[in-house]
Amino acid sequence: MEHIKLKKSGVEDSNADTVVNINLDRALCRIAHIHKGIVEVLRYPKRAVTVTFPIEMDDSSVQVFKGYRVLHNNTLGPGKGGIRFHVDVDLDEVSSLATLMTWKCALIGVPFGGAKGGVICDPKELSHHELRRITRRFISELGENIGPYIDIPSPDLYTNEQTMSWVFDTYDVMHSGNNNRAVVTGKPVSLGGSVGRREATGRGVCYAARHFITKHMVPGLSSLDGARVAIQGFGNVGAVVAEQMHCMGAKIIALSDSQGGIIDNEGLDLAEVSAYKHEHGSLIGLPGTMSATNDALLEIDCDVLVPAALSRQIGAHNAQDVKAKLVVEAANAPVTPEGDRILASKGIQVLPDILANAGGVTVSYFEWLQNLENQQWELDEVNEKLLKKMNKAVDASVERLKQLTTEESEHSRDDFAYPLDLRTAGLAIALDKLVAVTEQRGIWP
Ligand code: GLU
């Protein structure tokens with residue numbers, strides 16, 4: 001099995017595609033019985049669409065934008081996954097994120113395959129009207145590659161309810177006369193969105209972390225109540241995690257946004273933080289707090305560290321300096337395989353993205369169901385169903401981890417390049433399900 005390469009500078013080759021394949025191999029080498037030929041199918045996206053389109057900007061200039069939509073797999077159901085607007089969007093990363101969605105949907109138990117999309121742009125530099133034109137044109141360029149039973153987008157990095165409203169409206173104009181609401185999730189409630197969807201990813205992160213901690217697998221941490229938490233990212237996910245963990249009794253001692261972080265060892269006042277961020281556009285400078293870089297925030301002394309921003313934040317370069325007892329991946333792929341290896345050697349547990357942040361796609365599934373039936377569920381019902389799904393997936397992952405650990409010790413195997421962890425256990429569950437259903441359906445023709 002390939003060990004991740006360290007470049008001469010000591011910097012890890014954490015190319016998104018490499019990371020996905022390494023993680024896949026980590027699981028495969030531990031589940032001997034699996035049909036290797038079928039797994040090969042899962043290494044590649046089923047379909048990757050690239051579109052390039054012009055947009056008339058507010059100053060009447062014309063700019064060309066590039067976007068992607070990748071459907072990784074649709075064995076379990078239509079593709080599902082977000083659309084991100086970011087300067088760093090590239091096809092490799094979108095494909096890798098689509099693959100993660102396949103694992104996530106299979107593990108959490110929603111009848112979707114994996115997909116992801118993105119447009120290369122800097123949303124912070126674009127006006128509301130420019131964003132609208134980009135969204136509409138992107139969706140119209142994707143044409144029949146999306147649909148309620150084909151591939152269903154949702155919000156992701158720097159896209160939100162407004163973006164999803166434009167996605168819906170564009171598709172609806174292109175397919176008039178149908179109930180098109182289920183073509184996209186993460187819509188405003190007034191447009192068929194589910195109550196609780198906006199908070200679902202963050203809420204799911206907290207449910208998963210709280211339940212996992214009760215398993216006594218995190219040395220020195222038996223409850224979220226009283227735990228000292230640091231969160232990287234104060235966007236839709238990070239802000240909800242902060243609020244929910246606070247409600248569960250945790251002390252939020254550090255937070256950051258793209259410009260840097262703030263620390264208060266006595267616990268941040270979240271209402272003050274939000275008001276300050278709203279007024280100044282940044283967290284930095286909140287009276288009574290110390291400032292820190294985003295890198296320094298990852299290394300602070302805390303019980304729970306929640307990377308809730310970008311990918312590849314914890315790896316060969318800094319994992320040795322992480323001091324948390326538990327890392328909860330609210331973002332997608334914030335810890336690299338080398339990061340996993342180092343954290344495991346330090347006895348730090350990682351609750352992986354495909355489990356920890358699956359609450360978003362879970363409530364997206366609830367939204368899709370409500371849309372197909374023109375229903376509107378109550379918040380209690382949504383949260384109760386979300387809690388059940390998260391706890392069940394945590395239980396299953398922990399059980400699978402125990403089973404794999406027993407097998408490993410029975411066969412006296414210790415020659416693996418990477419340690420056995422929850423990421424591998426979760427992926428093993430997803431792979432078993434995907435391979436079994438592929439075999440049931442049969443390979444065409
Ligand atoms: N973008 C989110 C994710 O990465 C949500 C996907 C969805 O709701 O379809 O899980």
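Every read-out reported here was derived from the displayed coordinates using simple, explicitly stated rules and does not represent laboratory data. Being a predicted model, the structure only gives us computed values, none of them experimental. We place every Cβ from the backbone using ideal geometry, glycine too, and count neighbours over all the protein chains shown.
Points worth noting:
- Residues of the range 64-93 that are more than 15 Å from LEU142 (Cα to Cα) and either within 13 Å of the ligand (Cβ to nearest atom) or in contact with a Pro (Cβ under 7 Å, 6 or more places away or on another chain) (or both): VAL64, HIS72, LEU76, GLY77, PRO78, PHE85, HIS86, GLU93.
- Residues located in the range 422-445, provided they are of a type in the set (D, E, K, R) and buried (at least 23 other Cβ atoms within 10 Å of the Cβ): ARG423
- Condition broken by ARG312, with the remaining ones in (1) closer than 17 Å to SER256 by Cβ; (2) away from the ligand (no atom under 16 Å from the Cβ) satisfied: (2)
- One residue from VAL167, VAL189, VAL183, VAL173 being surrounded by fewer than 21 Cβ atoms within 10 Å (Cβ to Cβ) and closer than 15 Å to TRP368 by Cα: VAL189
- Checklist (1) farther than 18 Å from ARG84 by Cα; (2) within 16 Å of the ligand (Cβ to nearest atom); (3) not in a helix (DSSP H, G or I); (4) not polar (S, T, N, Q) applied to GLY204, failing item: (3)
- Count of residues meeting criterion [under 20 Å from ARG210 (Cα atoms) and of a type outside the set (Asp, Glu)] in the range 298-333: 15
- Scanning the range 147-200 for residues that are more than 15 Å from the ligand (Cβ to nearest atom) and either part of a strand (DSSP E or B) or of a type in the set (Ser, Thr, Tyr) (or both) turns up SER165, THR170, TYR171, SER176, SER190.
- When the range 357-374 is filtered for residues that are touching a residue at least 24 places away in the same chain (Cβ under 8 Å) and over 12 Å from THR185 (Cβ atoms), the ones remaining, listed by number, are ASN357, ALA358, GLY359, ASN374.
- Residue in the range 112-129 that is touching a Leu at 6+ places or on another chain (Cβ under 7 Å), more than 12 Å from the ligand (Cβ to nearest atom) and over 19 Å from ARG181 (Cβ atoms) present: yes
- Top-ranked residue in the range 323-342 [being surrounded by 24 or more Cβ atoms within 10 Å (Cβ to Cβ) and away from the ligand (no atom under 16 Å from the Cβ); ranked as nearest to LEU221 (Cα to Cα)]: LEU326
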